[in-house]
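Below is one structure, written out as structure tokens, with a few remarks after it.
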Amino acid sequence: MRVAVITSTRAEYGLLKPLLHQIESDTDLELQLIVTGIHLLKEFGETYKEVERDFNITSKIEMNLAHNSAEANSIAMAQLQIDMTTTLRALSSDILVVLGDRYEILSVVISAMMLGIPVAHIHGGEVTQGAMDDSIRHAITKLSHLHFTAAKEYRQRVIQLGEEPKRVFNVGSLGVENIKKMKLLSKDELENSLGFRLKEKNLLITFHPETLSKLSAQEQIKELLDALKDLSDTGLIFTKSNADAGARTINEMIEDFVNEHDNAVVYDSLGQLRYFSTILYVDAVVGNSSSGILEVPSFKKATINIGNRQKGRLMAQSVLNTELSAEAIRESIQKLYELDFMNHLKQVENPYESDSTSLQIKELIKQSRPELLLEKKFYDLKDCYE
């Protein structure tokens, strides 16, 4: 069976990595790895090079994301659909595996639908009310044929969307599996790799545009930076934003902030090993990345989740939900260091933890019959008619 897997961002690749190894090592499966999106952009760290160190890339599809506006991204999506159609047709893929809710993934699954290639979707059924990704994720669900959710609540929501229960599997989070398997760097190794000496207090910060907010990207990031500017005793480790509309503004303002503050550094991408290792040695992850919800709780570390981008997701008790205002963010940072909260973190459980997530997904894909997956039935919830 020819299994095509698409990756377009550093975060998504980090999640997919154990599954890619599972597919690659199975003699009954042929991995077709397709790389696109910000992986191929220099300003975002050309993270395809990290992918190439781990796997053979079957195809690279560039996207024109130079202008980073809503209009430009829409046009880039249209071109990606054209290029993906050509690529998938040439590869004669039997099934396509996608993860998450990125706008480029929607173009990919539309191409697969038109070519009659069934789609396996990972991380469906989740809710992120502050981003257009929410609608995109549910649209991808309706275009997909196998579903691998990260929690039982999400499995139920996919079924609520009309997907047959026998096609929906709760397997947990791939990111949590990565944490369990990875040998992380020591503090000295991490500091040498970063070229940055950690302080007594440290924060890891990733902030993406809140695409449904009434505030501009500039206004959003200003609130966060205003909350951080007086933390001279704290190491501030930024990773750059993604390629959503407004991301370049956010990245430029972060770079200006770092140039003015000796206690701050910024990286295009840390890569999975350095990213997880950094979490191990910081006091909290700050921003609005999904990683703060899905993975950070497994480290027994706090997450300051800002604004509405992740609103609606199932969250561990280590997550401090905070309004997008400098004052609210400062109050949450102060709470991090309260003794009661620090003791509370030791008891936190991650609701996304499961066993052998990548193996479960691989085996379920392998056992599927792609030629039978395309015929879908809408599953009605009987209670709706009573």
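Mind checking the full-extension length gain between GLN367 and GLU71? Use 0.36 nm per residue of separation minus the Cα-Cα distance, one decimal, nm. List each step's numbers first, then the result.
Numbers: separation 296, 0.36 × 296 = 106.56 nm, distance 4.10 nm.
Separation in residues times 0.36 nm, less the Cα-Cα distance, equals 102.5 nm.
Quickly estimate the mean residue ellipticity at 222 nm for the chain, helices only: each DSSP H run with n ≥ 4 gives -39500 (n - 2.57), and the total goes over all residues, rounded to 500.
-13000 deg cm²/dmol, from helical runs alone.
Round to a whole angstrom and tell me the spacing of the C-alpha centers of the stretch 247-307 and the stretch 1-45.
23 Å
Please give me the summed charge of the neighbours of PRO118: other residues whose Cβ is under 9 Å from its Cβ, Lys and Arg +1, Asp and Glu -1.
Details: positive: none; negative: ASP94, GLU371.
Net charge in that neighbourhood comes out at -2.
Quick check: from the Cα gyration tensor, does the stretch 185-345 come out rounded (a/c under 1.5), prolate or oblate?
rounded
If you filter the stretch 114-210 for trypsin sites (Lys or Arg not before Pro), then keep DSSP loop positions with at most 16 other Cβ within 10 Å, what is left?
In loop regions of the stretch 114-210 (DSSP not H, G, I, E or B), the sparsely surrounded trypsin sites (Lys or Arg not before Pro) are LYS183, ARG197, LYS199.
Measure off 7 Å from each Cα along the Cα-to-Cβ vector at GLU349 and GLU375, then give the distance between these two points in nanometres to one decimal.
The answer from the label model is 4.2 nm.
Can you give the longest run of the chain that contains no chymotrypsin sites (Phe, Trp or Tyr not before Pro) sitting in a DSSP loop with at most 13 other Cβ atoms inside 10 Å? Don't skip to the answer; put the middle values down first.
Values: sites that count: TYR337, PHE378.
Answer from the scan: 1-336.
Every read-out reported here was derived from the displayed coordinates using simple, explicitly stated rules and does not represent laboratory data. Values in this document were obtained by computation on a predicted structure and should not be read as measured data. Don't worry about glycine lacking a Cβ; one is built from the backbone with ideal geometry, like all the others, and counts go over all protein chains shown.
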